[in-house]
Amino acid sequence: ASARRVTVVIPYYGYARQDRKMQARVPISAADVARLLEAMGIDRVISVDLHCGQIQGFFGPRVPVDNLEGGVVGIDHFGAKDLHNPVVVSPDAGGVYRAKKFKEGMAAKYEMNDIGLAMIIKQRARAGVVDSMDLVGDVADCDCILVDDMIDTAGTLF
């Protein structure tokens with residue numbers, strides 16, 4: 001009750017995937033969570049790998065948001081492995097930027113300049129069900145590193 005400042009550390013931001021209106025009369029739940037936190041009187045938010053950067057904008061100008069990237073842990077993990085023709089794979093088109101940053105981080109830190117990049121283009125029949133899947137890039141005889149921000153059931157990965 002007597003704290004001067006309140007900083008919220010959120011390793012998993014609930015409702016992060018509900019960041020835009022998909023149909024009429026549906027709330028943007030990620031924005032609702034931000035408003036609830038602000039109503040509690042928080043002063044700052046520290047999060048890890050937000051699903052999308054626009055969630056930071058759901059908080060008002062008096063609540064700064066620090067979004068930490070968890071990929072650096074993976075860079076160290078995979079950099080220590082003896083990988084054969086490594087390829088970083090994004091499981092969807094929206095994650096290509098994240099996969100590219102991961103690839104560049106590994107290349108810079110471990111001087112691995114032969115890392116490939118690939119992505120999967122999925123057409124979903126409905127949530128959690130893939131209708132068709134196409135691979136863009138070459139992964140034959142390679143060690144693949146799948147980079148994603150959040151996986152619920154992994155049903156669309158295989």
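Observations on the structure shown:
- Two-decimal log10 I(q)/I(0) for the range 34-123, as the Debye equation yields it once each C-alpha is a single scatterer, q = 0.19 Å⁻¹: -0.88
- Taking Lys and Arg as +1 and Asp and Glu as -1, the other residues whose beta-carbon sits under 15 Å from that of THR7 total +1.
- Tally of Lys pairs whose C-alpha atoms are under 17 Å apart, taken over the range 53-122, 8 or more apart or cross-chain: 4
- Shape analysis of the range 82-158 based on the Cα gyration tensor places the equivalent ellipsoid semi-axes at 24, 13, 10 Å, largest first.
- Per-residue ellipticity at 222 nm computed for the chain from its helices equals -7000 deg cm²/dmol, with DSSP H segments shorter than 4 residues left out and the rest contributing -39,500 (n - 2.57).
- Per residue, the Cα convex hull of the chain amounts to 144 Å³.
- Heavy-atom surface analysis with a 1.4 Å probe gives the chain a carbon and sulfur content of 53 percent of its accessible area.
- Computed FRET value (nearest 0.05) for CYS52 with MET112, which takes r as the C-beta separation and R₀ as 41 Å: 0.90
- Residue-wise HN-Hα couplings along the range 40-45, as the Karplus relation 6.51 cos²θ - 1.76 cosθ + 1.60 with θ = phi - 60° gives them from phi, are 6, x, 6, 10, 7, 10 Hz; Gly and Pro carry x.
- Ranked by how many other beta carbons lie within 10 Å on average, peptides 57-64, 85-92 from highest: 85-92, 57-64
- Between HIS77 and LYS122, the simple label model (points 7 Å from Cα in the Cβ direction) yields a spacing of 1.9 nm.
- In this rough spin-label picture, where each label sits 7 Å from Cα along the Cβ direction, the ASN85-VAL8 distance is 4.7 nm.
The values are calculated or read from the model by the stated rules, or taken from the named source; none is laboratory data. Keep in mind that this is a model prediction, so the values were computed, not measured. All Cβ positions, even for glycine, are placed from backbone atoms using ideal geometry, and neighbour counts span all protein chains on display. Only protein heavy atoms, including side chains, enter the accessible area calculation; ligands, DNA and RNA are left aside. Shrake-Rupley method; radii C 1.70, N 1.55, O 1.52, S 1.80 Å.
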